[in-house]
Amino acid sequence: MLVSLNEYARAHGKSGDTLRRMAEKGQLHSAQKIGRNWVVDCDEDYPVQKRNVQKKYSVVSLFSGCGGMDLGFTGGFEFLGKRFGKTVFDIVWANEISSAACKTYRSNLGDHIIEGDINKVIGQLPTAADVVIGGFPCQDISVNGKMLGIKGKRSSLYTAIVDAVERLHPKVFVAENVGGLLMKKNEESLNKILEDFGALGYRIHYQLYNATDYGVPQTRERIFIVGTRADVPAFKPPAPTTSVPITVKEAIKDLESRAQDERFSHIWSLANVSGQQGNRRMIADRPGYTIRAECHGNIQFHYSLPRRISMREAARIQSFPDTFMFPSKLRETERQIGNAVPPVLAWHVAKSIEATLGGANEARRI
């Protein structure tokens, strides 16, 4: 009898995303795609894994948004002609409160995302995970916000990541936020965050990253706080991959002559110049300005065309591959892209964590 891939996955204690990849690779002989959905014969034996298959590490993702960090952590995508290979990580559980962002996530990354307030669904966490990741809300920390720090209602949600780490005791955790967390005004907030994570017994490393140093065509600064368990080697951050930033023209020039295409998210705001943020015109031979989530249509203007940049151009500037689709309308897509962690930057951080965990395995063999 044919059943959905998700039913088959649950029956064998596996994630639907893992089974989908196996079906696509032909590892499930009876699997077939009917419309957009995969089905498989419920009587087919689960494929025996080869002995030398690389170990996979399970990942729980909080504040997942549309999936920028999660895409980076799993890899297997192309951006501007460069391949970012699969990693050793497998997202087994993710959470996001935005219904629209969850829809985008499911369209691109799988149905393992749980929609809802993290404080209400945290009881649904799996019993264990190797890695916990999350970019907690930054509105109260950003220089464009009210600068309330972790006393603000939204940025105080970092405690959900602390809670998840305490429950799951992963080998590694990653918490991401805006560079403004390192400002003097946020010193108390940063110290409290580091204290709370450190109290769980983790070795803490935090660093400011400029996305342009890692092949993202955008001047976006973000802090990554990485904690490693006592039995795991210290985290070594990824070294910058380039000293010559990718310019915005290099990133989006091929879209200049393309007509509007809603399916491809190549649509743009018609908002006139106003006194609010986002009215700068990009400079062709420099990386793009930081893509913001709450620009209310006032996203920056194209470097040469008489219009604001399109959502697909914004996605390119954030390093999303063109295969990543946004099923929402313009304003919601704008918000999702601006809130995301650039996948390429996340991939480089993930590869360094992969090396860290590889070191842990080597130490056990010795």
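Values quoted throughout were computed directly from the atomic coordinates according to the rules given, and no laboratory measurement underlies them. All of these numbers come straight from a predicted model, not from anything done at the bench. Please note: Cβ atoms are built from the backbone with ideal geometry, for glycine as well, and neighbour counts cover all protein chains shown.
A few notes on this one:
- Order by protection proxy (mean Cβ within 10 Å, highest first), peptides 91-103, 28-40, 279-291, 337-349: 337-349, 91-103, 279-291, 28-40
- Gyration tensor verdict on the stretch 1-49 (Cα atoms; rounded if a/c is under 1.5, prolate if a/b is larger than b/c, oblate otherwise): rounded
- Nearest-20 debye value, the chain charge dipole, Cβ charges on Lys, Arg, Asp, Glu: 600
- Going from the fewest other Cβ atoms within 10 Å to the most, the residues H112, H302, H12 appear in the order H12, H302, H112.
- Charge dipole (the chain, unit charges on Cβ, about Cα centre) - positive-most of T228, C102, A239: A239
- Which of A315, S352, P126, positive extreme of dipole for the chain (C-beta unit charges): A315
- All aspartates and glutamates inside 19 Å of K171 as judged from Cα atoms, apart from same-chain residues fewer than 8 positions distant: D70, D90, D130, D163, E195, D196, D231, E354, E362
- Peptide ranges 180-192, 259-271 listed from the most packed, as the mean C-beta count within 10 angstrom indicates: 180-192, 259-271
- Efficiency of FRET between L270 and R83 - r from beta-carbon atoms, R0 45 angstrom, step 0.05: 0.80
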